[in-house]
Amino acid sequence: MKGEPLSVRQPEETTGNVTAPSYNKISNSLLSRTGKAPVYKVPEGYTISMVAIKLLPLYPDYDNWTSLMKDLYKLNPDAFINKDINKLRDNSQLKLPRKISS
């Protein structure tokens, strides 16, 4: 194929915009590595055991909800009235352990 001209391709134009769907595909596990700890907003009337039971499926490394509950308490002592594990403040923002599954 000597002597044949090479075809030159023009670069495609891009806008450089990131679309929302591609951003939304980022998993929780990747977000948790960015330095910002994942958080859970406590619904009104929830207890720490209710939160731990609800979140347990996201944490397969925990054997039971009570161990997750204890870690949530350790990470968030100020989310409890008088640091009492039985008195979780409504609408608290709980820091979550980093071992979250996606």
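Where a number appears in this text, it was derived from the coordinates with a stated rule and is not lab data. If you're wondering where the values come from, they're calculated on a predicted model, not measured in any experiment. Glycine gets a Cβ as well: all are built from the backbone with ideal geometry, and neighbour counts include every protein chain shown.
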*What is region 58-102's relative contact order, in percent, from Cα pairs under 8 angstrom and six or more apart in sequence?*
46 percent
*Could you work out how far apart the two model spin labels at Asp63 and Asn86 are, taking each label as a point 7 Å from the Cα in the direction of the beta carbon, and quote it in nm?*
2.6 nm
